[in-house]
Amino acid sequence: EDDNEASRKSKRQRVEKSFGNDFIVYLVDDTPTSISEAYASPDVELWKEPVQSELDSILSNGTWELTERPYGCKPVGYKWVFKRKRSPDGTIEKYKARLAAKGYTKKEGKDFFDTYSPIARMTIIHVLLSPVVSYGFTVNEADSCIYYHYGGGKGVILCLYIDDILIFGTDIDVINEVKSFSTKFDMKDLGEADVILNIKLIKDERGLLFLKPLQKVLSRFGYIDNKPSLTPYDPNVTLKKNKRIGVNQIKYSQIIGSLMYLASATRPDISFAVSKLSRFMSNPGTNHWQALERVMCYLKGTMSYGIHYSEHPAVLEGYSDAN
């Protein structure tokens, strides 16, 4: 079809409502969506423990109190959120259950105004990981989620990310002392960090290799068996706005979202390609998909790449293509 014919058609994203009689649709993800589903599943005994643990935590920490409902206020409901937490190799590490308020039922500007949950920025985590391999610590006062203490030739830094705490220290005794401060809230000591925000930390004899397990991203979107590509982007390709009907816009956006996190976390080498392709998320065409698949194939061939910290002097170096 030509552009004139496409322009006469509706620009609304069409959703296929039927796959025909020859197709049977299976729900692959069997994660429970309610407490009744969890207790009716084959893993009922594995779900009961995290549910009870969540209830015990809420009661012991005194996170709520019974009160009269203010006049004219509509109470917010609640729901159980279940998740199987997996290790980098894909195996189930533990079962988690959280009791959450249905905040999404409220309207912005009417029921609430400000929404902000302070978390440490990814750039701060990068900065803090560097001194772990070199000597001394850099004090960063621009992030409200970073707490530091220094004295007696020993230093320690706390990095908060929602309900997770990273502890960076120059001395194991100081780190253990900080851990012993937990008197008000129950905390679980997970030991020396090997995974941070789904990013795997691998130590070697040279320093610290900061690596995200790409296999999970490639497997999720079906690119684990694709032929590798040498570069993430073809400079000879000019991408333009798609004037025809979009091609699988939802999946395109999902892949871009995963790649944006990957680029900011451990793979800055795909930043340009991801930035370019993210401009076409609203209505991707065939040529946009081809360029996106090239990025995925490049990741397939560079699964061992990551950010490496060494003991070399802190010199900032930049590299650019000749053109």
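Per the listing ASP22, ASP30, ASP2, the residue uniquely under 26 Å from ILE245 (Cα atoms) and at pLDDT 50 or above is ASP22.
If you go through segment 247-268 and keep only what is open to solvent by 10 Å² or more (accessible area, probe 1.4 Å) and touching a helix residue (DSSP H, G or I) at 6+ places or on another chain (Cβ under 8 Å), you end up with VAL247, ASN248, SER258, MET260, ALA263, SER264.
Report, by residue number, each residue of segment 255-268 that is in a helix (DSSP H, G or I) and over 12 Å from the mean Cα position of the chain (by Cα). Listed by number, the residues that qualify are ILE255, ILE256, PRO268.
Of all residues in segment 269-286, exactly one satisfies the criterion of being exposed (fewer than 15 other Cβ atoms within 10 Å of the Cβ) and among the β-branched types (Val, Ile, Thr), namely THR286.
Selection of first residues in segment 47-73 that are modelled with pLDDT of 90 or more and of second residues that are assigned to a loop (DSSP other than H, G, I, E, B), restricted to Cβ pairs under 9 Å at least 6 apart or on distinct chains, gives the following pairs, ordered by first then second residue: TRP47/PRO32; TRP47/SER41. Does at least one position in segment 214-232 carry a residue that is buried (at least 18 other Cβ atoms within 10 Å of the Cβ), at pLDDT below 80 and within 30 Å of THR286 (Cβ to Cβ)? Yes, the conditions are met somewhere in segment 214-232. Consider segment 64-80 and keep the residues that are in contact with a helix residue (DSSP H, G or I) (Cβ under 8 Å, 6 or more places away or on another chain) and open to solvent by less than 100 Å² (accessible area, probe 1.4 Å). The one that is farthest from LEU99 (Cα to Cα) is VAL76. Only one entry in TYR298, TYR233 is in contact (Cβ under 8 Å) with a residue 60 or more places away in the chain and touching an Asp or Glu at 6+ places or on another chain (Cβ under 9 Å), namely TYR298.
The values are calculated or read from the model by the stated rules, or taken from the named source; none is laboratory data. It should be emphasised that the depicted structure is a prediction, and the values quoted were computed from it without experimental measurement. So basically every Cβ, Gly included, is an ideal-geometry build from the backbone, and we count neighbours across all protein chains shown. Surface accessibility is based on the protein's heavy atoms, side chains included, excluding ligands, DNA and RNA. Shrake-Rupley method; radii C 1.70, N 1.55, O 1.52, S 1.80 Å.
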